[in-house]
Amino acid sequence: MVRSVASVCCYCGTGCGVLVEAGGDRVLAVRGDPDHPSSRGALCSKGRALADTVRRDEARVLRAQWRPKRGRQLQPLQLPDALDMAADRLADTLARHGPDAIGFYLSGQLLTEDYAAFNKLARALVGTNHIDTNSRLCMSSAVTGYKQTLGADAPPACYEDLDLADTVLIAGSNMAYAHPVLFRRLEAARALRPEMKVVVVDPRRTDTAAMADLHLAIAPGTDVALFHAMLNVMVWDGLVDADYMERHTTGFAGLKARIHEFTPRAAQDVCGVPAQDIIQAARWFGQSRAALSLYTMGLNQSSSGTAKNAALIHLHLATGQIGRPGAGPFSLTGQPNAMGGREAGGMATLLPGHRDPSDPAHRAEVAALWGVDALPVEPGLPAVAMFDAVLEGRIKVLWIAATNPAQSMPDQARVRAALEKAEFVIVQEAFAGTETLAYADLVLPAATWPEKDGTVTNSERRISRVRAAVPPPGDALPDWRLACEVARRLAARVAPEKAALFSYVGESEIFAEHARMTAGRDLDYSALDYAVLEAMGPRQWPYRPNGDSVARLYADGRFATQDGRARFVDVPYVPVAEPVSAQYPLRLTTGRLRDHWHTMARTGLSLGLTRHVEEPWLSLNPSDMTRMGLASGTLARIRSRRGGVVLPVRDDASVRPGHAFLPMHWGGAFMAGQGVNALTNPVCDPQSHQPELKHAAVAVAAAGLP
Ligand code: SF4
């Protein structure tokens, strides 16, 4: 009998609802769920191909495995023995080196319940704050940008605002590829209201930029100069809302002198776009009845990501374009549950309920809610620093879940060296083809979509149920269950009184505990549980006990700061960390393709998706190709200060002269075991700790030439 199970797509943070048709242990088809309020039945090519990616064969990690010795093959292991082995190694490391010799590296692919279980394991049992996630590579600059200016990590807008905006500023986002369903919604809104203006800020002429009324093809990393110049124009033109600023913000006086330096002419010199275009963009924004900004990795994956986010949010605060229909700054989340991971506090810099681990009162609150005496005080290490600590021998045991850092972290050679240096690496994984498995000492078989139950939160703060449609194959278990099984065994060895902390009977119990921890916080959804989600469908936070969700934040002009006022922050423009030089003369940017996701662990299983683009290539402007004597399709060697790869090159007029573009997905056989991150720069934003994946200085030469 065929059953239809309502769930959510497991790729991007749009969070489209899906109906999974299953028979026995097979997924027969996946289609859009017309009742899901975020997507209303729409799916993109990746969502439509989900059924192709559900496997129960050797493409999956079906059993636990261990490696008796480095350099040897992985050997099968009974799952209970593997769980005991993990607990033994953790207990031994705790005894010999203490809690901060253990690190957890998680993923925005995990469900909120998985995050909650791992977070409790790391902080309440092991006693370390060394828990971070690949969401650090994704949205952490958006988090710090929101907190600096608005007081809380809370995207203020909702998807309906795409239908209602008059001016849409898309910055650092190729949403035609990365958030296709939202892009199509925007296209549909524009078709209905041709007066809508779309401005795209992107160094490349992407498919998103191609639909813009105005494309500002800025030099990588110069966004702060651009946004300051736009604000400067708005001030000179009298387009700011002085009354709104007076009543609801602070700090503009401190920023004013800064933005005066950025005349359109000065910004033209920095950003490489005509002053007249900057003036036009500012006027459309400032004169608009409702201006919406959509932004993602182009702002976030930067050594000045927090400043870029803040400078963009300033445009909204200065014009009062926030908290109203069609208006507001709106970060588009990369991963399906980066938001839920933040809510559960599964990051070194967060605690559950958007609390702060450096705040003693917050630590005490969480300890009381978990029923433990205290939480660790020593700061946790964010992703890049965590792998550095492994390389330096300070972290001895690393537990990696649902992510592929050997391929996805910047400066791949350094990360791989760290994985080799670790005393013990646990890799909890569903897919058998990831590069990180080569470094595993112990492999735990994980269930994945569509075998798991739980919840995710999408970009518009909407919490949806993810439902299992088929059982996991082999010995695979949900991630939270693997974490709890090891936690109970570890507790038996080191703190028997804490074993009960991990005795959940199911996902709903974890969610209920997690939701209670949001009480009184900005995101409060303590009145939400699985029964409410079952009865009412996906809900946005904050969620009131009377059943109301809040679609738009700050409608009353009261922000989440102590004094209720939003803050202008005097952020300087700081260039990219690695300038081009005679030796490395090209600016490399990286990005997504339409039909692949991250390192292709899942999308690589779909023939249809793979056919769209079958191999990676480096895009160069035709003038650079001619200058370098390169022909389209020939192999070139691309080098940065950290490593090199060999790839075909293509002439591509969408890339500016002096620039180069590489898709982020491929590695392994296509690139002699390397990936794009052999080239990228691990330098991080000092506040968000997000690495500058969007820019590296590189050299390109025909393969065979030195
Ligand atoms: Fe999935 Fe994102 Fe595509 Fe929606 S837009 S179907 S969430 S990949």
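The values are calculated or read from the model by the stated rules, or taken from the named source; none is laboratory data. Just so you know, these numbers come straight off a predicted model, no measurement behind them. Positions of Cβ are generated from backbone atoms using ideal geometry, with glycine treated the same way; all protein chains shown enter the neighbour counts.
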Residues located in segment 545-580, provided they are surrounded by 16 or more Cβ atoms within 10 Å (Cβ to Cβ), among the polar types (S, T, N, Q) and in a loop (DSSP other than H, G, I, E, B): Thr561
Segment 8-34: number of residues that are touching a Leu at 6+ places or on another chain (Cβ under 9 Å) and away from the ligand (no atom under 11 Å from the Cβ): 6
Subset tally (residues that are more than 23 Å from Leu111 (Cβ to Cβ) and either part of a helix (DSSP H, G or I) or touching a strand residue (DSSP E or B) at 6+ places or on another chain (Cβ under 9 Å) (or both)) for segment 340-361: 3
Matching option when the condition is within 30 Å of Arg96 (Cβ to Cβ), away from the ligand (no atom under 16 Å from the Cβ) and in contact (Cβ under 8 Å) with a residue 40 or more places away in the chain, among Pro410, Pro405: Pro405
Check on Pro155, outside the structural domain of Ala660 (by TED's automatic domain parsing) and either within 25 Å of Pro538 (Cα to Cα) or among the hydrophobic types (A, V, I, L, M, F, W, C) (or both): yes
Search result, residues across segment 289-333 that are in a loop (DSSP other than H, G, I, E, B) and surrounded by fewer than 24 Cβ atoms within 10 Å (Cβ to Cβ): Arg289, Ala290, Gly320, Gly323, Arg324, Pro325, Gly326
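Yes or no, residue by residue, for (1) modelled with pLDDT of 95 or more; (2) among the hydrophobic types (A, V, I, L, M, F, W, C); (3) more than 16 Å from the ligand (Cβ to nearest atom); (4) not assigned by TED's automatic domain parsing to the domain that holds Arg592:
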| residue | (1), (2), (3), (4) |
| --- | --- |
| Ser173 | yes, no, no, yes |
| Val181 | yes, yes, no, yes |
| Pro194 | no, no, yes, yes |
| Val200 | yes, yes, yes, yes |
| Ala209 | yes, yes, yes, yes |
| Ala212 | yes, yes, yes, yes |
| Gly221 | yes, no, yes, yes |
| Leu231 | yes, yes, yes, yes |
Selection from segment 35-44 of residues that are near the ligand (Cβ under 8 Å from one of its atoms) and touching a Gly at 6+ places or on another chain (Cβ under 6 Å): Ser39, Ala42, Leu43
Cross-chain or 6+ apart pairs with Cβ under 6 Å, segment 203-232 first and more than 11 Å from Leu312 (Cα to Cα) and touching a residue at least 24 places away in the same chain (Cβ under 8 Å), then in a loop (DSSP other than H, G, I, E, B) and among the polar types (S, T, N, Q): Arg204/Ser654; Arg205/Ser654; Thr206/Asn174; Thr208/Asn174
Residues (free of Cβ contacts under 8 Å to residues at least 24 places away in the same chain, more than 21 Å from Pro37 (Cα to Cα) and not in a loop (DSSP other than H, G, I, E, B)) located in segment 509-543: Glu509, Ala512, Ala515
Of the criteria (1) within 24 Å of Met671 (Cα to Cα); (2) not in a strand (DSSP E or B), which one Thr589 fails: (2)
Gly47 vs. criteria under 30 Å from His179 (Cα atoms), surrounded by 21 or more Cβ atoms within 10 Å (Cβ to Cβ), within 25 Å of the chain's Cα centre (by Cα) and within 15 Å of the ligand (Cβ to nearest atom): yes
So Val390, is it of a type in the set (Val, Ile, Thr) and in contact with a Lys or Arg (Cβ under 9 Å, 6 or more places away or on another chain): yes
Segment 13-32 residues that are not assigned by TED's automatic domain parsing to the domain that holds Lys452 and in a loop (DSSP other than H, G, I, E, B), paired with ones that are of a type in the set (Gly, Ala, Ser) and more than 12 Å from the ligand (Cβ to nearest atom) (beta carbon under 7 Å, 6 or more apart): Gly13/Ala338
Helices (runs of 4 or more DSSP H) completely within segment 211-285 that count 1 or more residues being under 28 Å from Ala697 (Cβ atoms): 223-236, 252-261, 264-271
Residue within segment 58-77 that is within 26 Å of Arg136 (Cα to Cα), surrounded by 18 or more Cβ atoms within 10 Å (Cβ to Cβ), at pLDDT 95 or above and β-branched (Val, Ile, Thr) present: yes
Enumeration of residues in segment 50-82 that are within 16 Å of the ligand (Cβ to nearest atom), in contact with a strand residue (DSSP E or B) (Cβ under 8 Å, 6 or more places away or on another chain) and in contact (Cβ under 8 Å) with a residue 40 or more places away in the chain: Leu50, Val54
Any hit, segment 92-103, residues being within 16 Å of the ligand (Cβ to nearest atom), touching a residue at least 24 places away in the same chain (Cβ under 8 Å), buried (at least 22 other Cβ atoms within 10 Å of the Cβ) and assigned by TED's automatic domain parsing to the domain that holds Gly380: no
Selection from segment 33-48 of residues that are part of a loop (DSSP other than H, G, I, E, B) and of a type outside the set (Lys, Arg): Asp33, Pro34, Asp35, His36, Pro37, Ser38, Ser39, Gly41, Ala42, Leu43, Cys44
Residues being surrounded by 22 or more Cβ atoms within 10 Å (Cβ to Cβ) and within 11 Å of the ligand (Cβ to nearest atom) - total across segment 581-596: 1
